[in-house]
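Undergrad: My questions will all concern the structure given below.
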């Protein structure tokens, strides 16, 4: 006798709940100490971003009194983005966790990463950068991060964007080609007014985030704040010199 898909799904969820009850969750960083969040030992291997510029996210040697003193953006930041909120350097343990989560769509790791998202203070709608067309089934990291922020801060989650097409992989391109690669990539499927917090997992060149922000601004958005888990370090970044 064939079982309905709903019954099969229900059985899977029940088995998962039983397993979670019988087997204690482990830290996804070391797979030894209790989880599900990162244990204290693993958190020491994370590198906080040092005094990030509120307009572009580049780390500074000391807090900026004026964003115009940022040597990277001179206060201009990224097109379409009013503010950047970023918590960590994309390196070491965090780089490994993000890479693993995206490659295997590993939900436990994604949920742990979501707890590392920087806090936001604005009253806003939360909008994730959408997944690429044709991606493998399973959770999408930016969406998981956005859902966590929305739930944690009691804010609405709106999946307002979709991709027009599959763009080339950004990490294979230089800065100019990255901007051209994502130009007009995003379509607003549901306009959102007021302030928007745009959520992504990683900030590198800013091209993808800018393209998404500009699409939202062309509709009803008044202000777009970019919230990302981590930023890819550059060779000329000042070093923090400390870890947690």
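Undergrad: Of the conditions (1) in contact (Cβ under 8 Å) with a residue 40 or more places away in the chain; (2) touching a strand residue (DSSP E or B) at 6+ places or on another chain (Cβ under 6 Å), residue 133 satisfies every one except a single condition; which number is it?
TA: (1)
Undergrad: For region 216-231, which positions are touching a residue at least 60 places away in the same chain (Cβ under 8 Å) and more than 14 Å from residue 123 (Cα to Cα)? Please lay out each step first, then the result.
TA: Applying the first criterion (touching a residue at least 60 places away in the same chain (Cβ under 8 Å)) to region 216-231 yields 216-217, 223-231.
Once the filter is applied, which keeps residues that are touching a residue at least 60 places away in the same chain (Cβ under 8 Å) and more than 14 Å from residue 123 (Cα to Cα), region 216-231 yields 216, 217, 228, 229, 230, 231.
Quick note: the coordinates plus some simple rules give every number you see, no bench work behind them. Since this is a predicted model, take the numbers as computed values, not measurements. Virtual Cβ from ideal backbone geometry, glycine too; neighbours counted across all protein chains shown.
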